[in-house]
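**Q** After the C-alpha cells below, expect a handful of questions from me.
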Amino acid sequence: MKLTTHFVPYEKVELWLKSYKDWKARLEYVQSELSYIPALTRTLQMVAAHSSGRKQETVLRTVIRRIEITEHEIPLLLSRIGLIDYAFSALTPEESLFIRLRYMDKLALSDAMSRLALSRRAYFYLRKRTLHKIYMKVKDRAVLLDLDSSHED
C-alpha cells in the first residue's frame, strides 16, 4: 500500500482518535440527562400553575437545553462515534491494538512501542499506515469530525 498518494492530516486524525473516548462519555452523559425531561416538564407545569402562568426561568432553560441536546448534540456525537467505528473496521489486529494503546489508553509513545515490541522506525511506520487507513475510510465525511459542537463543555 502506497501511503503518499493522498495528503493525510495525521495530527487531525490523531485529534479525532484522542477525542473518541470523550465523545462516547459525553454521549452517555447527555443521553442520561434526557431521562429527566418528563420530570422537568411536570415541574415547569406545576410552577406555572402556582405562579400566575409564569414559568420558572431556570427550569424552562433546562428543558430547552435538554431538547437541544436531543436535536443537535446527540446526532452529532452518534455520527462521530459511528464514523470512527466504521474506520476501525479497516484495521488489522495489530493496528487496532496500536490505536487502543496509544489513543484510548493514552500510553506514552515509548510504552506503546514496548508493548507492541516495535523499533522506533517500525512504530512510526505502523502509526503512519494506521492513520492513513483511518483517514481514507472517513475522508469524505470528515467534516462531521471537525464540527465544533456549541454545546460541548
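Coordinate-derived values only; no laboratory data. Just so we're clear, the structure is a prediction, and the values are computed from it rather than from any experiment. Because the Cβ atoms are built from the backbone with ideal geometry, glycine has one as well, and the counts that use them run over all protein chains shown.
**Q** Given a Förster distance of 22 angstrom, what is the FRET efficiency for Ala90 paired with Glu11, based on the Cβ-Cβ distance and rounded to 0.05?
**A** So the FRET efficiency works out to roughly 0.65.
**Q** Rounded, prolate or oblate: pick one for segment 77-138, where a ≥ b ≥ c are the square roots of the eigenvalues of its C-alpha gyration tensor, a/c under 1.5 means rounded, and failing that, prolate if a/b is larger than b/c, else oblate.
**A** Prolate, since a/c reaches 1.5 and a/b exceeds b/c.
**Q** Quote to one decimal, in nm, the extra length available between Ser110 and Ala25 on full extension: 0.36 nm per residue of separation minus the C-alpha distance between them.
**A** Here the segment from Ser110 to Ala25 would lengthen by 27.9 nm.
**Q** While we're on this one: Short version: ³J(HN,Hα) in whole Hz for each residue of segment 15-25, in order, from phi by Karplus 6.51 cos²θ - 1.76 cosθ + 1.60 (θ = phi - 60°), x for Gly and Pro, what are they?
**A** For segment 15-25, the Karplus-derived couplings read 4, 4, 5, 5, 7, 3, 4, 5, 4, 5, 5 Hz, x marking Gly and Pro.
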